1. Consider the range 53-64. How many of its residues are surrounded by 13 or more Cβ atoms within 10 Å (Cβ to Cβ) and more than 6 Å from the ligand (Cβ to nearest atom)?
2. Starting from residues that are of a type in the set (A, V, I, L, M) and within 13 Å of the chain's Cα centre (by Cα), keep the ones in the range 97-120 and report whichever is farthest from the ligand (Cβ to nearest atom).
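The values are calculated or read from the model by the stated rules, or taken from the named source; none is laboratory data. Everything quoted here is computed from the prediction, not taken from an experiment. All Cβ positions, glycine included, derive from the backbone under ideal geometry; neighbour counts span all protein chains shown.
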Amino acid sequence: MTARTAIAATSAALAPACLAAALWLAATAPAPAPVAAQEGAGNPARGRIVYEANCVHCHRKDGAGGVKVTATAPPARSFATARFWRGRSDSQLHRAIAVGFPKSGMVAWKDLLKPQQIRDVVAYLRVAFQPR
Ligand code: HEC
C-alpha cells in the first residue's frame with residue numbers, strides 16, 4: 001500500500017466517525033441566537049481591506065470622518081469617539097452601512113458589498129476605532 005492509498009483508506013475509515021461526531025455536536029449544541037450569530041462574526045483583518053478600499057475617503061484612515069459630500073450635507077461620522085459607540089450594537093451598525101445615508105452621500109453598501117464583508121468592516125471599526 002502506498003502512503004497515499006494508506007491516507008485515503010484511513011480517511012475513508014474515519015469519515016463515518018467524523019460525521020457521527022458532527023451530528024452529535026449539532027444535536028447537543030444550543031442553537032445560537034440570531035443576533036449572536038451576527039455580533040462578532042466579522043473578521044477585522046478582512047474588514048480593514050474593505051474599509052481602506054471603500055470608506056477612507058469620507059471616514060478617513062483614522063476614523064475621524066468629517067468629510068462632506070456637498071456643502072450642506074452632514075459630515076461623515078467620526079468613529080473615534082466614545083459617544084459614537086455608546087448604544088450602537090454591531091447589528092445596528094450593520095444595518096446603517098447596508099442601507100446607507102443616500103441624502104448625505106453614503107450609498108447603500110448592501111448593493112456593493114456582501115453581507116460577510118459588512119460584518120467584517122463592522123468588526124474592523126470596533127477593533128480599530130472604539131476608544132478603550
Ligand atoms: C461618500 C462618503 C462616504 C463613504 C464613502 C462612506 N460613508 Fe459612511 N457615512 C457618510 C456620511 C456623510 C455619514 C453620516 C450620515 C448622516 O449623518 O446623515 C456616514 C455615516 C456612517 C456610519 C454611521 C452610522 C450611525 O449609526 O450613525 C457608519 C457606521 C458608516 N458611515 C460606515 C461606513 C462604511 C463601513 C463605509 C465603507 C464601506 C462608509 N461608511 C463609506 C459618508 C460616507
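1. 4
2. Top of the filtered list is 98.
Conditions tested, residue by residue: (1) over 20 Å from residue 43 (Cβ atoms); (2) modelled with pLDDT of 95 or more.
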{"position": "95", "(1), (2)": "no, yes"}
{"position": "98", "(1), (2)": "no, yes"}
{"position": "103", "(1), (2)": "yes, no"}
{"position": "106", "(1), (2)": "yes, yes"}
{"position": "110", "(1), (2)": "no, yes"}
{"position": "114", "(1), (2)": "no, yes"}
{"position": "118", "(1), (2)": "no, yes"}
{"position": "123", "(1), (2)": "no, yes"}
{"position": "126", "(1), (2)": "no, yes"}
